Structure formats: C-alpha cells, structure tokens
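The values are calculated or read from the model by the stated rules, or taken from the named source; none is laboratory data. All values reported here derive from a predicted model rather than from experimental measurement. No Cβ is skipped: glycine too gets one built from the backbone with ideal geometry, and neighbour counts run over all protein chains shown. For the accessible areas, the whole protein counts, side chains as well, though only heavy atoms, and no ligand, DNA or RNA atoms are used. Shrake-Rupley method; radii C 1.70, N 1.55, O 1.52, S 1.80 Å.
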Amino acid sequence: MGQYYIIDFDSTFTQVEALDELARISLNDHPNREHIYQQIEDLTNAAMEGKLSFADSLEGRVKLLQANRTHLEQLVKHLRKKVSPSFSRNSKFFKEHHDDVLIVSGGFKEFITPVVSEYHIKKENIYANTFEFDERGNIVGYDRSNPLSQEGGKVKLLKELNLQGDIFGIGDGYSDFQLKESGLIRKFFAFTENIARKSVVEKADYVTPSLDEFLYINRLPRAISYPKNRIKCLVVGQIEPEAIAQMQKEGYNIRIKEEITEAYLQEAGVLLCDEAHQPTPEQLENAGRLKVIGCFGKVSSRRLGEVACENGVIIFDDPKHNPRSSDFIPKRVIAFMNEGKTHTSCNFPDLQPPRVSNAHRLIHIHKNVPGILAQINEIFASNNINIVGEFLVTNAQIGYVITDVDAGYDEQLLRQLKAIDHTIKFRLLY
C-alpha cells in the first residue's frame with residue numbers, strides 16, 4: 001500500500017495547453033489563423049470547465065490543427081521551455097518518487113513523453129492519447145479506443161490500473177476533479193500556478209498555487225523550504241506595476257495597501273515601499289515575520305537602517321532614483337530570499353555566496369558577539385552533518401552566516417540553531 005501522485009500535463013506540468021500551442025505552430029501561415037486559434041481555445045476552456053464533454057472538445061480541436069510530425073518536433077522544443085517553474089525546480093521530488101508519479105493526461109504522448117521524461121518520470125507511467133498519421137506524416141486522427149480520448153477517461157483509466165494505496169490528484173481541469181468525484185483518489189489538489197478555473201477550485205480539497213505548496217503540505221522532498229505563496233508581500237506607495245509583476249511571478253502573496261499599519265506589517269515577510277511610505281523604527285520592532293524591505297527611493301534615516309538590522313531585516317534602497325529601479329529592487333529582494341545574497345544592501349554586510357549544487361542552505365543572523373560561528377559548527381558536528389560551504393560576514397551590529405550542508409536535517413538540529421544565544425533570525429532557504 002503505497003502513495004501515488006496523479007499529475008495532469010497541460011496547464012499543470014507545463015504553463016500552457018499543448019494543443020493550443022501546436023495550433024499556433026501549425027497554422028502560423030494560415031490566413032484565418034486567429035479565428036481558428038480562438039475556436040481551439042474556446043473548445044479547450046469549455047472542456048476544462050466541465051461545460052463540454054472532453055471527447056467532443058478533443059475531436060473538435062484535432063480537426064482544426066492541420067499539423068504534422070515536423071510541427072510536433074517544434075512543439076516539443078517549445079514545451080521544454082514552458083515547464084511550470086515550480087515543477088522545474090522540484091526535479092528532486094520526481095527523482096525520489098519515480099515509481100509513484102503518474103502523468104495522466106488527455107493530451108498526446110508524442111509531445112508529453114519527451115518533456116516529462118527529462119524529469120525522471122518513467123515512460124510506462126505516462127498515460128495519454130496517441131495520434132494517427134497518414135503516409136506523409138500529417139495528423140489525421142487519434143486512437144479512439146484509448147479511454148483518455150473519451151468522456152470520463154481519467155476515471156476509466158484509474159479503474160483499469162486499480163492502484164492500491166493513497167492516491168493524490170494534481171491538476172487544473174474538470175477531468176482532474178472527476179477522479180475525486182468518483183472516489184478513486186484520496187484528495188484532489190487544484191493547481192492554480194498557471195490558471196485558476198473557478199468551477200474546479202470550488203470543488204477541490206486544496207488549492208495549490210504551486211507544486212511547492214503541495215510538497216510542503218505532504219512533507220515531501222522540495223527545492224525550497226517554505227512555499228512563497230505563504231509569504232505575504234506588502235506593497236505600499238507608488239510602486240511600478242512591473243516590480244509587482246516580478247514578485248507575483250515568483251509566487252508571493254501580494255497585498256497592496258494605501259499605508260503601512262502595524263497589523264499589515266506584522267503579517268508581511270516582504271515589504272515594497274516608496275520613499276514617502278517607509279515604516280518607522282518602532283513599527284519594525286514588532287514585525288517579527290519581516291525579512292526584507294525593498295525601498296524605491298532613499299531610506300529616510302540611518303536609525304531606520306540600524307533598527308532593521310538589529311531585528312534581522314535587510315533593506316535594499318535606490319538613493320539615485322534609478323529609472324530602472326522597478327527591475328533593480330525586485331531582483332535584489334528575490335536574490336536575498338532565494339539565495340541569501342546581500343549585495344547592494346544599505347544596512348547588511350555584503351555577501352554574494354555561489355549556489356552549491358545538491359546542498360541545503362541555512363541562514364543564521366545574530367548579534368555581533370564572539371563565539372557564535374563556533375557554536376553553529378559544533379551543532380552541525382554533533383548531528384553528523386558535513387559542511388560543504390560556509391560564509392560569515394559582519395558589521396557593527398550583526399553577524400550573517402550562510403551554511404551549505406550536504407545532508408538532510410531534522411527538527412532537533414533546527415531547534416538547536418535557533419536556540420543559540422544572541423540569535424536574531426534563522427531561516428532555511430532550500
């Protein structure tokens with residue numbers, strides 16, 4: 001009795017609907033292409049929302065494609081670049097659970113297999129439709145005996161497979177929810193990283209804005225320790241839409257407010273503000289979750305930077321009012337949150353650690369007093385954890401340590417690191 005993960009392909013494993021993308025390739029020179037594109041997209045959405053049977057949608061879309069094997073080759077190259085970011089960064093999960101992950105899709109093996117096989121997924125665990133071709137390589141139809149070409153196909157397939165154990169479904173469409181409705185899977189996770197379909201979200205056991213969230217909930221191997229969709233990014237003042245879009249793309253939970261209040265700041269992990277809407281030193285004293293401030297302008301006072309530093313909050317500002325700050329500030333914030341880089345900060349010591357492959361990265365921020373690094377290393381040694389990289393920088397107020405280790409760790413190790421005297425903040429990056 002094991003666990004199985006049934007994962008959809010279109011708009012889940014990849015950011016796009018593959019048949020829609022194939023149409024854009026095959027009909028690129030067609031004089032009426034925009035009208036046909038729209039017809040195909042409408043058929044896709046109708047099926048995904050449960051307004052049209054999947055069988056009717058599939059038949060209608062394939063008829064409109066006018067595609068051949070050469071177009072499929074182009075599509076595969078395109079789809080490899082369109083793998084959903086949270087899937088792309090979590091290849092470790094697929095590697096460790098290659099026996100348990102099944103791709104179940106109403107799409108076609110001709111373009112699914114080359115894409116997902118690069119993520120350690122077994123070919124025998126890929127269930128999808130197959131095209132039929134004429135002697136010139138043109139797509140003329142598909143295997144209608146395949147249950148996945150029929151209405152309720154995923155339900156029919158899982159009944160045939162008769163998997164024994166806990167089964168979890170991840171997908172964006174109505175056909176994915178049907179697995180839950182049929183009682184064949186334990187829980188259905190509506191995947192909304194690429195598209196949120198209201199009719200599906202309302203019926204899901206969980207809404208998962210990324211694969212990180214699914215892995216976090218189920219305590220499975222993952223690339224980052226804490227899903228970004230759980231981190232609130234407070235936005236206050238005149239912030240360029242491009243900057244907000246960068247943070248949204250990273251997966252942060254955006255909260256746009258007119259002013260900074262203590263209640264808003266206490267919930268935030270990230271703050272983006274302009275020069276006219278900066279927090280006060282007093283507000284920072286109670287912002288226990290806040291990790292980083294991106295200020296579009298100059299920080300108002302030295303005292304603000306010092307209090308932020310004392311509370312383990314890094315600040316990136318733009319005193320020159322660079323016209324490209326809408327790009328500059330988010331990149332600095334993201335580099336700190338993802339890799340611990342402090343370069344160009346106005347209140348933290350400068351550190352740009354290289355990313356170490358196959359390692360876990362931990363950050364320890366503490367008051368600048370003697371002996372902290374020795375205590376950190378003693379804890380790793382006593383837990384038989386090998387350090388593969390370690391970086392320490394200081395200023396008058398804090399010591400900032402990044403440690404890369406080559407093995408997993410348990411909660412006891414983390415509690416010990418957090419309990420070191422003079423610790424200000426401790427964080428796992430990945």
Note on the chain: helices (DSSP H) long enough, at least 18 Å by alpha carbon along their axis, and hydrophobic enough, mean Kyte-Doolittle at least -1.0, are 33-48, 325-339
For segment 252-407, the accessible surface attributable to carbon and sulfur atoms (probe 1.4 angstrom, ligands and nucleic acids excluded) amounts in percent to 46
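Counting Lys +1, Arg +1, Asp -1, Glu -1, what net charge surrounds residue 208 among other residues with beta carbon under 13 Å of its beta carbon?
Values: positive: 187, 222, 228, 230; negative: 8, 172, 176, 193, 205, 212, 213.
For residues surrounding residue 208, the net value is -3.
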Too long for a 32 Å Cα-Cα cut-off, among 82/154; 180/425; 122/228; 159/198; 154/257, are 180/425; 154/257
Of every hundred units of 1.4 Å-probe accessible area on segment 111-244, the number belonging to carbon and sulfur atoms, as a percent, is 44
Reviewing [x] 46, 26, 19; [y] 31, 29, 25; [z] 57, 26, 17, the figure for semi-axes √(5λ) of the Cα gyration tensor in Å actually calculated from this model sits under [x]
Highest GNM mean-square fluctuation among 33, 80, 361, for the chain with Cα springs under 10 Å, belongs to 33
To the nearest Å², the heavy-atom accessible area per residue of segment 168-302 with 1.4 Å probe amounts to 46
Long-range amide H partners of residue 424, meaning residues 5 or more apart or on another chain whose placed amide H is closer than 5 Å, are 365, 366, 367
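How big is the charge dipole of the chain about its Cα centre, in debye rounded to the nearest 20, if each Lys and Arg gets +1 on its Cβ and each Asp and Glu gets -1 on its Cβ? Please list the in-between numbers first.
Numbers: 52 positive and 59 negative charges, 106 e Å.
For the chain, the charge dipole is close to 500 debye.
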Sorted on mean Cβ neighbours within 10 Å (highest first), peptides 179-185, 351-357, 291-297 come out as 291-297, 179-185, 351-357
Mean Cβ-within-10 Å packing, highest first, puts peptides 59-66, 420-427, 9-16 in the order 9-16, 59-66, 420-427
Counting sequence-distant residues (5 or more places) and residues on other chains, those with an amide H built under 5 Å from that of residue 14 are 84
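For residue 4, what is the net charge nearby, where nearby means another residue's Cβ is under 11 Å from its Cβ and Lys, Arg count +1, Asp, Glu -1?
Values: positive: 186; negative: 99, 100, 166.
That works out to -2.
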So, over other residues within a Cβ distance under 12 Å of residue 361, counting Lys, Arg +1 and Asp, Glu -1, the net charge is -1
Whole-Hz Karplus couplings 3J(HN,Hα) for segment 421-430, θ = phi - 60° and coefficients 6.51, -1.76, 1.60, Gly and Pro as x, run 4, 6, 5, 9, 8, 9, 8, 9, 8, 7
In whole Hz, the Karplus estimates of ³J(HN,Hα) for segment 206-215 (6.51, -1.76, 1.60; θ = phi - 60°; x where Gly or Pro) are 9, 9, 10, x, 7, 5, 4, 5, 4, 5
